[in-house]
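Colleague: Pasting in a structure now, in structure tokens, and then I'll have a few things to ask.
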Amino acid sequence: MTDYASLPSDLPVPEDDGAAAHLPGTSAPPLELHGTGGTTVRLDALGPGRTVIYVYPLTGRPGTDMPEGWDAIPGARGCTPEACGFRDHYQELLAAGAVRVFGLSSQETDYQREVVERLRLPFEMLCDPARSLAQTLGLPTFEVSGLTLYKRLTLVIRDGVIEHVFYPVFPPNEHADQVLTWLRKNPLRAAENPL
């Protein structure tokens with residue numbers, strides 16, 4: 001039985017291949033994605049302020065095998081610890097200026113809903129099974145066991161424009177703290193903050 005909440009110490013570190021370098025300054029696309037809360041979220045209509053969207057490949061589920069060789073793929077392992085990090089730092093992220101936080105993957109909403117409930121996540125997951133965001137923005141993906149999955153990255157969208165991108169993300173269990181540190185170092189002035 002794999003413990004998805006912890007990470008092996010010998011995970012390969014992903015290298016920055018430049019696949020996300022074009023994203024800062026790009027407008028959020030007019031895509032509507034289903035959320036685990038039962039609504040749809042339109043990415044170009046998120047509202048004022050900063051939205052953090054962490055994009056991840058595939059969350060493990062107890063009793064379900066991961067694709068063969070998963071731990072050997074740089075950046076693949078760690079979706080559960082990453083989600084738990086955003087859960088544990090959620091209030092701090094809001095206090096530091098994030099108005100909204102979402103997770104996003106190509107997994108179906110029902111699968112994601114189980115993860116939200118099991119891990120007690122205080123935010124929604126967005127479902128993108130067609131990888132529409134990858135096609136629209138040129139987000140990096142990888143192939144494993146016949147699946148095309150997102151590479152792990154995080155978008156900070158501010159007033160409809162991608163302000164900052166974290167890529168590659170490593171280690172995933174410390175990533176929410178990395179985002180929190182960035183938000184604190186880059187505060188919005190009072191006039192820019194919608195709250």
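The values are calculated or read from the model by the stated rules, or taken from the named source; none is laboratory data. These numbers come from a predicted model, not from an experiment. Don't worry about glycine lacking a Cβ; one is built from the backbone with ideal geometry, like all the others, and counts go over all protein chains shown. Surface areas here come from the heavy atoms of the whole protein model, side chains and all, with no ligands, DNA or RNA. Shrake-Rupley method; radii C 1.70, N 1.55, O 1.52, S 1.80 Å.
Colleague: Just checking, does region 40-54 include any residue being over 30 Å from P8 (Cα atoms), acidic (D, E) and open to solvent by 10 Å² or more (accessible area, probe 1.4 Å)?
Modeller: For region 40-54, residues over 30 Å from P8 (Cα atoms), acidic (D, E) and open to solvent by 10 Å² or more (accessible area, probe 1.4 Å): present.
Colleague: Exactly one condition in (1) closer than 13 Å to L126 by Cβ; (2) part of a helix (DSSP H, G or I) is not met by I53; state its number.
Modeller: Unmet condition: (2).
Each row is one residue, and each column tells you yes or no for (1) in contact with a helix residue (DSSP H, G or I) (Cβ under 6 Å, 6 or more places away or on another chain); (2) free of Cβ contacts under 8 Å to residues at least 12 places away in the same chain; (3) within 30 Å of L188 (Cα to Cα).
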| site | (1), (2), (3) |
| --- | --- |
| D10 | no, yes, no |
| D16 | no, no, yes |
| G38 | no, yes, no |
| D71 | no, no, no |
| E82 | yes, no, yes |
| G85 | yes, no, yes |
| G97 | yes, no, yes |
| T109 | no, no, no |
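Colleague: Counting only residues that are closer than 9 Å to G35 by Cα and of a type outside the set (D, E), how many does region 114-130 have?
Modeller: The qualifying residues number 3.
Colleague: Here's another thing I want to ask about it. Kindly provide the set of residues from region 173-186 that are within 30 Å of G69 (Cβ to Cβ) and either modelled with pLDDT under 95 or open to solvent by 10 Å² or more (accessible area, probe 1.4 Å) (or both), ordered by number.
Modeller: Matches in region 173-186: N173, E174, D177, Q178.
Colleague: Let me ask you something else. Check every one of the strands (runs of 3 or more DSSP E) wholly within region 57-172 and list those with 2 or more residues that are open to solvent by less than 10 Å² (accessible area, probe 1.4 Å).
Modeller: Once the strands (runs of 3 or more DSSP E) in region 57-172 are filtered for at least 2 residues that are open to solvent by less than 10 Å² (accessible area, probe 1.4 Å), what remains is 98-105, 124-127, 147-150, 153-158.
Colleague: Looking at (1) modelled with pLDDT of 95 or more; (2) out of contact with any strand residue (DSSP E or B) (no Cβ under 7 Å at 6 or more places or on another chain), can you tell me which one D128 breaks?
Modeller: Every condition holds for D128 apart from (2).
Colleague: Could you check region 4-39 and list, in sequence order, the residues that are in a strand (DSSP E or B) and over 17 Å from the mean Cα position of the chain (by Cα)?
Modeller: Within region 4-39, S27 is the sole residue that qualifies.
Colleague: Here's another thing I want to ask about it. Criterion first (out of contact with any Ser or Thr (no Cβ under 6 Å at 6 or more places or on another chain), touching a residue at least 12 places away in the same chain (Cβ under 8 Å) and of a type in the set (D, E, K, R)) does E163 satisfy it? Working first, answer last.
Modeller: On the way: out of contact with any Ser or Thr (no Cβ under 6 Å at 6 or more places or on another chain): yes; touching a residue at least 12 places away in the same chain (Cβ under 8 Å): yes; of a type in the set (D, E, K, R): yes.
In short, yes.
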